[in-house]
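The values are calculated or read from the model by the stated rules, or taken from the named source; none is laboratory data. Just so we're clear, the structure is a prediction, and the values are computed from it rather than from any experiment. When we count neighbours, we look across all protein chains shown, and the Cβ atoms used for this are built from the backbone with ideal geometry, even at glycine. Accessible surface is based on the protein model in full, side chains and every heavy atom, while ligands, DNA and RNA are left aside. Shrake-Rupley method; radii C 1.70, N 1.55, O 1.52, S 1.80 Å.
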Amino acid sequence: MDQENQPLFGLSIDGQAASTISSSVQWARILAICGIVFGGVFVLLGIFFKTFMSKTMSMGGGLESDTVDKNAALGAGIGMVIYILMGALAILGNTFLLNYANKTSRALKTNDSAMLNSGFAGLRNYCAFWAVIMILCLLLFLLSIVTMGLM
Amino acid sequence: MDQNQQSIFGLSVDDSNRAHLSEAAKWGRFLAIVGFVVCGLIVLGGIIMVLSANRLQNEMSDYPGYRRSAFSVFGAGLAFVYIVVAVVYFFPCLFLLRFSNAMKIALAGNDQDQLTESFKNLKVMFRYVGIILIILLSIYAFIFLIAILSAAT
């Protein structure tokens, strides 16, 4: 490795790195806010999903049998849980990103090392959170393939 | 703000920062690699869809009134959508992998240039995803507007 690239006192956030991080933080903030808003919308959709489904079923006016009603209610319940879970996960994941954006931005403005540390912790949490979600999704995917294979 | 938290030469990457960035790079690398696999699976899904559409086309060709072009367009359209989704998803994974690799090199060898390169890739990833989000929101807004206008007329 080129010796010129090595600073005397280890790595530092120099002007170029600071400007790059500052730019990344702006985009990260936009993404985080959009993600939190979408998460909120999903939670609301989940809450209204069951109400909407029960109203739709009641419009049918006794045409359906009890079994159909129960199955539809179960489906609406599962739909509600999935929507709320997805919304909650989106809100939680993007809160980490917002933490990274806000704290890093403040750290760069005030040269606060502790704040920069919290900001990078936010980035780590964001990556770790989505990686764990990804692992869970892959496990569910594998489980569904195995279940389909057994059926 | 506490004065002892400020470095004389500006912000420096201390041990705690190193630990956070190293872990972020590890998870980022994992996410990127899984993302590439998912991209491959999406392309594979597209190919399977096209093959299924073609098989259905061959099976349906005996029926009277069957239009061959409809299935061809459907299959091609489906394959196009799958490939576009895979290509769009490929780039943020690439930038994330570059961020992770450069960060790993920077932390291992105290390489300032690699650290800057790493943050540059993180910025590009966030910018890319942000632009895609803006495009998607614009498309949704456009569809919503058209739906309102068509409902009003």
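In Å², rounded to the nearest 100, what is the total accessible surface buried by chains A and B against each other with a 1.4 Å probe?
Counting protein atoms only, the buried area is about 4200 Å².
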Notebook entry, point to check: Taking N as the number of residues in chain B, what is its alpha-carbon radius of gyration divided by 2.2 N^0.38 Å?
Noted result: 1.61
Next item on the list: Before rounding to the nearest 500, sum -39500 (n - 2.57) across all DSSP H runs of length at least 4 in chain B and divide by the residue total; then give [θ] at 222 nm in deg cm²/dmol.
Entry: -31500 deg cm²/dmol
Check: Hey, any idea what the orientation-averaged projected area of the convex hull of region A:20-150's Cα atoms comes to, in nm²?
Finding: 10.8 nm²
Note to self: With n ≥ 4 as the cut-off for DSSP H runs, can you work out [θ] at 222 nm for chain A, using -39500 (n - 2.57) per run divided by the number of residues, rounded to the nearest 500?
What the structure shows: -31500 deg cm²/dmol
Check: Top to bottom by accessible area (1.4 Å), largest first, where do B:105, B:42 land?
Finding: B:105, B:42
Check: Can you give the accessible area per residue of the protein assembly as shown, in Å², using a 1.4 Å probe?
Finding: 60 Å²
Check: Considering only protein heavy atoms, what is the solvent-accessible area of residue A:137 at a probe of 1.4 Å, reported in Å² to the nearest 10?
Finding: 70 Å²
Checklist line | Alpha-carbon spread of the protein assembly as shown, three principal axes, descending order, Å | finding: 80, 50, 44
Check: Gaussian network model of chain B, Cα springs within a sub-10 Å range: biggest mean-square fluctuation belongs to which of B:85, B:37, B:13?
Finding: B:13
Check: GNM on chain B, C-alpha springs below 10 Å: top fluctuator among B:94, B:107, B:137?
Finding: B:137
Checklist line | Lys pairs, the protein assembly as shown - Cα-Cα below 22 angstrom, 8 or more residues apart or on other chains | finding: 12
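Among B:80, B:90, B:126, what's the order by accessible area (1.4 angstrom probe), most exposed first?
Result, largest first: B:80, B:90, B:126.
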Check: So how strong a dipole does chain B carry about its Cα centre when Lys and Arg Cβ are +1 and Asp and Glu Cβ are -1, to the nearest 20 debye?
Finding: 440 debye
Note to self: Just to confirm the number: angle between the C-alpha axis of helix B:68-109 and the first principal axis of chain B, 0 to 90 degrees, nearest 10?
What the structure shows: 10 degrees
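Could you please put A:147, B:153, B:116 in sequence from largest to smallest accessible area, using a 1.4 Å probe?
B:153, A:147, B:116
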Notebook entry, point to check: Got the relative contact order for chain B handy, in percent, Cα pairs under 8 Å and 6 or more residues apart?
Noted result: 25 percent
Next item on the list: On the full set of protein chains, 1.4 Å probe, figure out the accessible area of residue B:117 and give it in Å² to the nearest 10.
Entry: 80 Å²
Check: Once the Cα atoms of region B:70-153 are picked out, what are the Rg and Dmax in Å?
Finding: 19.8, 66
